[in-house]
Amino acid sequence: MAARTAPGADAFDLATFLPYRLSALSGLTQRLLEATLARSGVTVAQWRVYLCLLMNGPSHLNGIVAFTHLPQSSLSRSIAAMHDRGLVRNARDATDRRIARIEITAKGRRHLAALTAEIDAACADAFRLSPAEEARLIRRLDVLIERLSAWRERENGMGSTARSGAIRRVSSGADRGEST
């Protein structure tokens, strides 16, 4: 990063201050996501539940809490609302019937596919990136996330990738030959 004059000095240029620019981009992108989800009656918490279940498969509530970093009470309400709509179900653990696993239903998979298409369309309209530009941006973001994750682990002595920000890629159910 380029050296800058200390804040408050006349030469400080907030428009080129990377942390500010990234924060602005993150905030605007979050509002785009929230608005797109709201049109489909989905909250950001419910979207995070979908992402957790997509990435990790059927999960216990504690696993969803760890993945989403949301309070258990709000997640319980989100999952209950998704259950009432038939988007997820509580399946009892085969080895311990006291433990429930949350999993996406076929209806939930169809809903998730439609939501993903809506989000992709909203992002395409807002960002207006060519496929090559998007691929370059994603590669650069992956590098930055990797570097910041390594920095965070050094600073905090963290060894867990669950909290490091590391991104894993998964294919959709259709890509795995599953019916949606």
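The values are calculated or read from the model by the stated rules, or taken from the named source; none is laboratory data. Note that this is a predicted model, so its numbers are computed, not measured. All Cβ positions, even for glycine, are placed from backbone atoms using ideal geometry, and neighbour counts span all protein chains on display. Protein only, heavy atoms only, side chains kept; ligands, DNA and RNA dropped before computing areas. Shrake-Rupley method; radii C 1.70, N 1.55, O 1.52, S 1.80 Å.
Each residue of the stretch 1-148 gets 166 Å³ once the volume of the Cα convex hull is shared out per residue.
To the nearest 0.05, what FRET efficiency results for L129 and D13 with a Förster distance of 22 Å applied to their C-beta separation? Walk me through the numbers on the way to the answer.
Details: r = 25 Å, r/R0 = 1.14.
Rounded to the nearest 0.05, the efficiency is 0.30.
Label separation (A114 vs Q30): 2.8 nm, computed from points 7 Å beyond Cα along the C-beta direction. So who's got an amide H within less than 5 Å of the one on R101, skipping anything under 5 residues away but keeping other chains? H placed 1.01 Å off N, in plane. Under 5 Å from the amide H of R101: A91, R92, D93. Using the alpha-carbon positions of the stretch 76-163, Rg (one decimal) and Dmax (whole number) come out as 19.1, 50 Å.
Gyration tensor over the Cα atoms of the stretch 35-81: the corresponding equivalent ellipsoid has semi-axes (square roots of 5 times the eigenvalues, largest first) of 18, 12, 8 Å. In this structure F12 has an accessible area near 60 Å², from a 1.4 Å probe over the protein heavy atoms. Here the simple spin-label model places points 7 Å from the Cα toward Cβ, and for A91 and V143 these points are separated by 4.1 nm. Model label points for N56 and I99, set 7 angstrom from Cα along the Cα-to-Cβ axis, are 1.2 nm apart. Would you mind classifying the stretch 89-129 by shape? Square roots of the alpha carbon gyration tensor eigenvalues, ordered a ≥ b ≥ c; an a/c under 1.5 is rounded, otherwise it is prolate if a/b is larger than b/c and oblate if not. In terms of gyration-tensor shape, prolate.
For I138, I119, give the ranking by accessible area with the largest first, probe 1.4 Å. Write down the numbers at each step before the final one.
Details: I138 65, I119 25 Å².
I get I138, I119, largest accessible area first.
Over the stretch 1-157, calculate the relative contact order: mean separation of alpha carbon pairs under 8 Å at least 6 apart, over the residue count, as a percent. Could you put the intermediate results ahead of the total?
Details: 109 pairs, mean separation 26.4, N = 157.
So the answer I get is 17 percent.
Length gained on full extension, H83 to R39, computed as 0.36 nm times the residue gap minus the Cα-Cα distance: 13.9 nm.
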